[in-house]
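Below: the structure, in structure tokens.
The values are calculated or read from the model by the stated rules, or taken from the named source; none is laboratory data. Owing to the predicted nature of the structure, the values given are computational and were not obtained by experimental measurement. Cβ coordinates were reconstructed from backbone atoms using ideal geometry, including for glycine residues, and neighbour counts include every protein chain displayed.
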């Protein structure tokens, strides 16, 4: 079996976002873990209109998509697993992330998903809880372990390095181990039977 493909998705697109710093940190750990071929996807580089197509992607898995979304769609389809890097906005997820999810359907189906959250007090956990509900509806499996950075602005230095990296690194390894097991199991299942 070839290496499993992991897409790490930066869920925030707003100006001044901290997501790329957190995503680079996690991507470095995912590559060092060695179990995945890692693709870092920045939603800020995709055209993500909030208006969905007239026919739901659940009914038509290949609805007409804007040209600026084609690369994103292909990269999501190629992935065996995902890690969503997200803050929480008003106790939920960024609008661009929800649009990216809603514009797709089969791309998430029967795949494993993990989370890295960051924000002020909650460390992204409010967004992660919403994402678990959303991906459950899309027949994706969210792994139990996650990485969280509450008050991230105190945890990273001016160069984007963690001041105390050991505990987050251990959390990332544990999540990647779970993600690898589930991604492998689901990839094998998808190759045998449509879910």
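Here are some notes:
- Residue in the stretch 25-42 that is modelled with pLDDT of 95 or more, at negative phi and exposed (fewer than 13 other Cβ atoms within 10 Å of the Cβ) present: yes
- Any hit, the stretch 45-54, residues being in contact with a strand residue (DSSP E or B) (Cβ under 8 Å, 6 or more places away or on another chain), buried (at least 16 other Cβ atoms within 10 Å of the Cβ) and on the phi < 0 side of the Ramachandran plot: no
- Residues of the stretch 96-110 that are buried (at least 18 other Cβ atoms within 10 Å of the Cβ), closer than 28 Å to residue 150 by Cβ and free of Cβ contacts under 8 Å to residues at least 60 places away in the same chain: 99, 101, 108.
- Selection count, the stretch 76-95, where residues are crowded, with 18+ Cβ neighbours inside 10 Å and assigned to a helix (DSSP H, G or I): 1
- Per-region count, the stretch 30-43, residues out of contact with any strand residue (DSSP E or B) (no Cβ under 7 Å at 6 or more places or on another chain) and part of a helix (DSSP H, G or I): 2
- Here residue 158 clears all of (1) out of contact with any strand residue (DSSP E or B) (no Cβ under 6 Å at 6 or more places or on another chain); (2) more than 30 Å from residue 64 (Cα to Cα); (3) touching a residue at least 40 places away in the same chain (Cβ under 8 Å); (4) not in a helix (DSSP H, G or I) except the condition numbered (3).
- So residue 117, is it crowded, with 20+ Cβ neighbours inside 10 Å and either over 25 Å from residue 76 (Cβ atoms) or modelled with pLDDT under 95 (or both): no
- Qualifying residue in the stretch 4-19 (condition: surrounded by 15 or more Cβ atoms within 10 Å (Cβ to Cβ) and in a helix (DSSP H, G or I)): yes
- Residue in the stretch 121-136 that is nearest to the chain's Cα centre (by Cα), counting only those that are surrounded by fewer than 22 Cβ atoms within 10 Å (Cβ to Cβ) and part of a loop (DSSP other than H, G, I, E, B): 122
- Put simply, of 73, 27 the only residue that is more than 16 Å from residue 142 (Cα to Cα), part of a helix (DSSP H, G or I), touching a strand residue (DSSP E or B) at 6+ places or on another chain (Cβ under 6 Å) and touching a residue at least 12 places away in the same chain (Cβ under 8 Å) is 27.
- Meets criteria (more than 29 Å from residue 56 (Cβ to Cβ) and either modelled with pLDDT of 95 or more or in contact with a helix residue (DSSP H, G or I) (Cβ under 6 Å, 6 or more places away or on another chain) (or both)) for residue 123: yes
- Top-ranked residue in the stretch 139-155 [being touching a residue at least 24 places away in the same chain (Cβ under 8 Å), touching a helix residue (DSSP H, G or I) at 6+ places or on another chain (Cβ under 9 Å) and not in a loop (DSSP other than H, G, I, E, B); ranked as surrounded by the most Cβ atoms within 10 Å (Cβ to Cβ)]: 147
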